[in-house]
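K.L.:
Before I ask anything, here is the structure I am working with.
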Ligand SMILES: [Zn+2]
């Protein structure tokens, strides 16, 4: 594979084989050797190590065309666990998953992100789920999805107007208090990664995930990897300027996409048209539209059209294989879809008009699963493309395996 000290080469080979099995398994030794350009003897030795460590096992047999059927290797899912947590302004949702990303436990708690003691409360909520217990596998780490900009390449500080967090070292603080590695990313990125690894985007290299609801978000996957931009803020689709002198946005500017199509914007407009009373929410507006109120239906239809035109802009730039529409706002999708499709068709560059756009039904748990994928992914990256906390996740895995 590479030149270097025997130990380094062995470690690189182990993590490369483990990563391939994690991502593509069940898979045969012959296929592993072919894909990683390793000798059959090396693959045999490495897989023997991984099997004796309890991380990998023979899980299946490939159909035989004469001769001996090939044995397929897969992960031992229960060897270790990861925690995935989605932090929202008013609640947190978490899942505990095994190495195969099967959910073994889920939890949800009310949470007030803008309180001064929010992080203490978060530690309190997560502590029972991370404590090492004799009767359950070690937690390799916590993946945290937050609605905001996470400076991945720099100091991992979180900026989130929605949570009221400014330049907050959330990952570092939680890591110190909880004693497990904590990996933080933008929540839409975690959702996009979940779609790419476990969902509809599994066979797709170029994927956009657009979320609607409390805000408007975008996860960009190019060539199979999340694109974050130079400072970690790529994908702020909600703050693309759509109309001049439009409604005021949460970011302080006017006429952003989010200020036109996100739930708070729709509620504001409905109040202006006396459709909603003070204190009534998007659920009430949706009920009105579903009940046949034409003015309420108009509000969702207008939002659908504006969103369709904006998504056409994304398609023109990225030429993705698939666009997934997700987020809690998709509960009103039947009200938005017809005008969304017209807006998209009107504005998309004609040669790209056949792009697949699909609804990915909203599910809080899926965001949390995406956050857990940050940790699972760290288990499978090689030393050469790792990020800061990936290393400590693998160190814990090595502890499980005593590799
Ligand atoms: Zn804005």
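K.L.:
In whole angstrom, and with the biggest value first, how far do the Cα coordinates of region 177-295 range along each principal axis?
P.N.:
48, 38, 32
K.L.:
If you don't mind, another one. Please express the Cα-Cα pair-distance distribution P(r) of region 15-170 as a list of whole percents, one per 10 Å bin, running from 0 to the bin with the greatest distance.
P.N.:
Going out from 0 Å in 10 Å bins, region 15-170 shows 10, 29, 24, 20, 13, 4, 0 percent.
K.L.:
Oh, and also: Normalised by the empirical 2.2 N^0.38 Å for globular proteins, what value does the Cα Rg of region 105-172 take?
P.N.:
1.25
K.L.:
Given Cα positions, please report Rg to Rh for region 264-369, the hydrodynamic radius being the Kirkwood one.
P.N.:
1.02
K.L.:
Say a paramagnetic label sat at a point 7 Å from the Cα of residue 273, along Cα to Cβ; which residues of region 220-243 have their backbone N under 19 Å from it?
P.N.:
Of the residues in region 220-243, 243 have backbone N under 19 Å from the label point off residue 273.
K.L.:
For a footprinting-style exposure proxy, rank 336, 162 by other Cβ within 10 Å, fewest first. Please list the in-between numbers first.
P.N.:
Working: 336 27, 162 17.
Fewest-to-most Cβ neighbours within 10 Å comes out as 162, 336.
K.L.:
What's the exposure ranking of 366, 253, 86, going from fewest to most Cβ atoms within 10 Å? Mind dumping the intermediate values first?
P.N.:
Working: 366 21, 253 13, 86 27.
In order of increasing Cβ crowding within 10 Å: 253, 366, 86.
K.L.:
Compute the whole-percent fraction of alpha carbon pairs in region 178-246 spaced more than 19 Å apart. Mind showing how you got there, number by number?
P.N.:
Working: 958 of 2346 pairs.
For region 178-246, the fraction of Cα-Cα distances above 19 Å is 41 percent.
K.L.:
Calculate, for residue 205 and residue 71, the FRET efficiency according to 1/(1 + (r/R0)^6) with r their C-beta to C-beta distance and R0 30 Å; round to the nearest 0.05. Don't skip to the answer; put the middle values down first.
P.N.:
Details: r = 29 Å, r/R0 = 0.98.
About 0.55, to the nearest 0.05.
K.L.:
Take every Cα-Cα pair in the chain and report what % of them are more than 42 Å apart.
P.N.:
Here the tail beyond 42 Å accounts for 19 percent of pairs.
K.L.:
With n ≥ 4 as the cut-off for DSSP H runs, can you work out [θ] at 222 nm for the chain, using -39500 (n - 2.57) per run divided by the number of residues, rounded to the nearest 500? Could you put the intermediate results ahead of the total?
P.N.:
Working: 13 runs with 166 residues, N = 403.
Taken over the chain, the calculation gives -13000 deg cm²/dmol.
K.L.:
I'd like the FRET efficiency for residue 132 and residue 62, computed as 1/(1 + (r/R0)^6) with the beta carbon distance as r and R0 of 35 Å, rounded to 0.05.
P.N.:
Efficiency computed from Cβ-Cβ geometry: 0.40.
K.L.:
Among 31, 108, rank each residue by its count of other Cβ atoms within 10 Å, from fewest to most, as a rough exposure measure.
P.N.:
108, 31
All of the numbers you see were taken from the coordinates with simple rules; none came from a lab. On a predicted model such as this, the values are computed, not experimentally measured, just so you know. Glycine gets a Cβ as well: all are built from the backbone with ideal geometry, and neighbour counts include every protein chain shown.
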